[in-house]
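Inspection log for the structure reproduced underneath, given as structure tokens.
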Amino acid sequence: MRRALVTLAAALLLAAAPGTASAQVIFEPSDADDLAQKLEDAYQEQGVCYGWDVDVDNVGSQQESVGSNFGADTDVDDGTGDCDATVEFQASIRWTSESSEIEDSASYQVVSSGSGPTTSDLDSLEIISAEGMAGDNVGLEVYKAVSALPLLAAEAGLADPIEASPAPPSEARADNAEPTDSPTSDFLRQSGGAFLFGAVLLVAGVVFAIWAFRTRGQGSRPVRTAPPPEYVPPEWYDPNTARGDVRPRPPDQPEPGTPNQNKTRPEE
Amino acid sequence: MRTRTKLFIAGGLGGVGLIVLLVALLGGSGIRGHLADNYRRVSADGDSIVYTSNQKPTKVYESIRSAVSPADVQVDPKGYFLRYSDDIVAVTASDGGSRIYIDDERRGYAHWYPFVVGFWGTGSGYGEGIRGGGPGAGK
């Protein structure tokens, strides 16, 4: 009984212990700061407060990544500024151990005040998925989703959109900025499936045609029958089975209307 | 099965395959053709063209993305950035509607590098250290 009480107390203590709350659970510190700065810029333009709150169950260890326009590691509800409205990205991720048969899992939602954006608005952008969050790209997907909140707020009429203009090329040159990624071919992405399907059909048609030519006549060749004999001995002639148009008549029965040209059995 | 029937089936397969191939090869107009066909051109400078739309950026982005699938998308509070194999498209808010910019990849990267640096190329900026996954990642 005493042991059971001690176990129960330990379990309650563990459950009550606060998990780690840090933006760096899924982001590098610099990226969490960059994201918070983006939200701060949007807040200054729109007056809407934005944030993220991602709970992570890391093989039983509870961790939390929070941040907002008030800064990385600052929950949107804990900020000191005035908010015309609030939009927060909330998610829950469960990472299991490699040896576990339970798959990693994740879920997310967008929580807004008033008539703000919804989870389906975020889903329509197709920049985040529960499967992606449970996989290798959790940081990138959350980064994109949180970055999209001000756009979605403007789309929902919660705030004015933020305009942007191209940067002067001199800035990029000064930073030695140039593209180094290798995007997939537009053609393959757009028509690759149809191209492959068409090619397979075409090849199948050609192969089938070759096979058809090679097997031509097999199985459908007409049965060759021996030509009727020139001479049938009278004693072989069976009038019950004879067909006048096929078999020659016996020598003693000439064809009607013709002179008697009986063939006689050649002498041996 | 008679030879004529076999050849008829072979011809049908090959014919359909040829049609699908031709549609795949000639059907898509690409991102530049899609923008030219669907949005109002504002200005052009070589391969850099600017279009405008009365729709808000999110609607324009969704329309472009569903018509011509990009290789990658970056999102910023100020707009959507779509990466194609040779071009970069940016959709930003403008006067209650949208502006759509298309550039070749080098000029597009230079124009929008504050938003895409670290994701699509070199330079110092966001996203360089974003990490992903946990202990169970990739299971």
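Quick notes on this one:
- Residues A:ARG214, A:ARG173, sorted so that the one with the fewest Cβ neighbours within 10 Å comes first: A:ARG214, A:ARG173
- Nitroxide proxy distance, nm - points 7 Å out along Cα→Cβ at A:SER107 and B:THR3: 6.7
- For B:THR52, net neighbour charge (Lys/Arg +1, Asp/Glu -1) across residues whose Cβ lies under 12 Å away: +2
- The ranking of A:ASP73, B:ASP47 from fewest to most other beta carbons within 10 Å of each one's beta carbon is B:ASP47, A:ASP73.
- Screening chain B for whole DSSP H helices of 18 Å or more along their axis (Cα) with average Kyte-Doolittle hydropathy at least 1.6 returns B:3-26.
- Cβ-based exposure ranking for B:HIS34, B:HIS111, in which fewest neighbours within 10 Å come first: B:HIS34, B:HIS111
- The dipole here belongs to segment A:18-156: it is taken about the Cα centre, uses +1 on the Cβ of Lys and Arg and -1 on the Cβ of Asp and Glu, and is about 120 debye.
- In sequence order, calculated HN-Hα J values of segment A:141-153 (Karplus, 6.51, -1.76, 1.60; Hz; x Gly/Pro): 5, 5, 4, 5, 4, 5, 5, 7, 4, x, 5, 5, 5
- Here the Karplus relation 6.51 cos²θ - 1.76 cosθ + 1.60, evaluated at θ = phi - 60°, turns the backbone of segment B:39-53 into coupling constants of 10, 7, 6, 9, 7, 8, 9, x, 7, 8, 10, 10, 10, 9, 8 Hz, with x for every Gly and Pro.
- The Cα atoms of segment B:29-116 define a convex hull whose projected area, averaged across directions, is 5.1 nm².
- For a paramagnetic label modelled on A:VAL203 (point 7 Å from Cα along Cα→Cβ), amide N atoms under 15 Å away belong, within segment B:8-28, to B:14, B:17-18, B:21.
- Cleavage-rule hits (chymotrypsin sites (Phe, Trp or Tyr not before Pro)) in segment A:21-73: DSSP loop, at most 10 neighbouring Cβ within 10 angstrom: none
- Charge dipole of segment B:29-116 about the Cα centre (unit charges at C-beta), most positive-ward option of B:PRO114, B:GLY30, B:VAL42: B:VAL42
The numbers here are math on the coordinates, done by the rules we state, and not lab data. A quick note: this is a predicted structure, and the numbers were derived from the prediction, not measured. Using ideal geometry, Cβ is built from the backbone for each residue, glycine included, and neighbour counts are taken over all protein chains shown.
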